[in-house]
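The values are calculated or read from the model by the stated rules, or taken from the named source; none is laboratory data. Keep in mind that this is a model prediction, so the values were computed, not measured. Every residue, glycine as well, gets a Cβ built from its backbone with ideal geometry; the counts of neighbours run over all protein chains shown.
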Amino acid sequence: MQAFKKFLIREIVFASILGAVAFVLFQTILKDYYLPVFWILFGIISVFTAVFHYSIIQTEKKELSKFSSKFMMFAGLKMILYLFLIVIYAFSFPQKAKFFLISFFILYVCFTIFEVIITINYFKKK
């Protein structure tokens, strides 16, 4: 549980910095491309990242022999949920879909890189 608490603190700091950068960009340079749903998307990706990391830690502690298959299962489930979210938004608001997809992709890449770095460091210490 200590590892997850450490992860949550790091994720909150990371999300705060990323959110501040996004806020400044959307108030200045990217004012025309701002979508109010961006902050909901930001929250969803943050929560999914935390849940996924928690499941990785729990799986590693309980069933090391099944770790790789569980990891792939959780990653696949996360991808399906993200795809479901994208499809729903794209069909509901086709005129805004392009900006939503770009925002989603940038957030996804940022949070994935963050999660991979933290996960690698976690397993190096073990």
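Being of a type in the set (Val, Ile, Thr), closer than 26 Å to residue 8 by Cβ and modelled with pLDDT of 90 or more narrows it down to one of 80, 88, 102, 29, so name that one.
Working: 88 fails: closer than 26 Å to residue 8 by Cβ; 102 fails: closer than 26 Å to residue 8 by Cβ; 29 fails: closer than 26 Å to residue 8 by Cβ.
None of the other options fit; the residue is 80.
Scanning segment 57-74 for residues that are of a type outside the set (Val, Ile, Thr) and surrounded by 13 or more Cβ atoms within 10 Å (Cβ to Cβ), which turns out farthest from residue 1 (Cα to Cα)? Please lay out each step first, then the result.
At the first step, the residues of segment 57-74 found to be of a type outside the set (Val, Ile, Thr) are 58, 60-74.
If we keep only those that are surrounded by 13 or more Cβ atoms within 10 Å (Cβ to Cβ) as well, we get 58, 60, 67, 70-71, 73-74.
Numbers: 58: 9, 60: 12, 67: 18, 70: 19, 71: 18, 73: 22, 74: 19 Å.
Among those residues, the one meeting the criterion is 73.
Among the listed residues 4, 42, 14, 52, which satisfies the condition of being closer than 15 Å to residue 108 by Cβ, at pLDDT below 95 and in a helix (DSSP H, G or I)?
On the way: 4 fails: closer than 15 Å to residue 108 by Cβ; 42 fails: at pLDDT below 95; 14 fails: at pLDDT below 95.
Just one listed residue meets the conditions, 52.
Just wondering, is there one or more residues in segment 68-89 that are assigned to a helix (DSSP H, G or I), in contact with a Leu (Cβ under 8 Å, 6 or more places away or on another chain), touching a residue at least 60 places away in the same chain (Cβ under 8 Å) and within 18 Å of residue 102 (Cα to Cα)?
no
What's the total number of residues in segment 113-126 that are within 25 Å of residue 16 (Cβ to Cβ) and without any contact (Cβ under 8 Å) to a residue 12 or more places away in the chain? Talk me through it step by step, then tell me what you get.
Start the filter on segment 113-126 by keeping residues that are within 25 Å of residue 16 (Cβ to Cβ), which leaves 113-122, 125.
Applying the additional criterion that residues be without any contact (Cβ under 8 Å) to a residue 12 or more places away in the chain yields 113, 116-117, 120-121, 125.
The total comes to 6.
Pick out the one residue from 42, 52 that is closer than 27 Å to residue 122 by Cβ, of a type outside the set (A, V, I, L, M), crowded, with 17+ Cβ neighbours inside 10 Å and touching a Leu at 6+ places or on another chain (Cβ under 7 Å). Before the answer, list the steps.
Working: 52 fails: touching a Leu at 6+ places or on another chain (Cβ under 7 Å).
The conditions single out 42.
Do any residues in segment 26-50 that are more than 14 Å from residue 96 (Cα to Cα) and free of Cβ contacts under 8 Å to residues at least 24 places away in the same chain have Cβ atoms under 6 Å from those of residues that are surrounded by 12 or more Cβ atoms within 10 Å (Cβ to Cβ) and among the hydroxyl-bearing types (Ser, Thr, Tyr), where the two are at least six apart or on different chains, and which pairs are they?
26/34
Please work out which one of (1) within 25 Å of residue 90 (Cβ to Cβ); (2) surrounded by 12 or more Cβ atoms within 10 Å (Cβ to Cβ) is the condition residue 11 fails and give its number.
(1)
So, residue 83, is that one loosely packed, with under 14 Cβ neighbours inside 10 Å and of a type outside the set (Val, Ile, Thr) or not?
Considered against the rule, which asks whether it is loosely packed, with under 14 Cβ neighbours inside 10 Å and of a type outside the set (Val, Ile, Thr), residue 83 comes out as yes.
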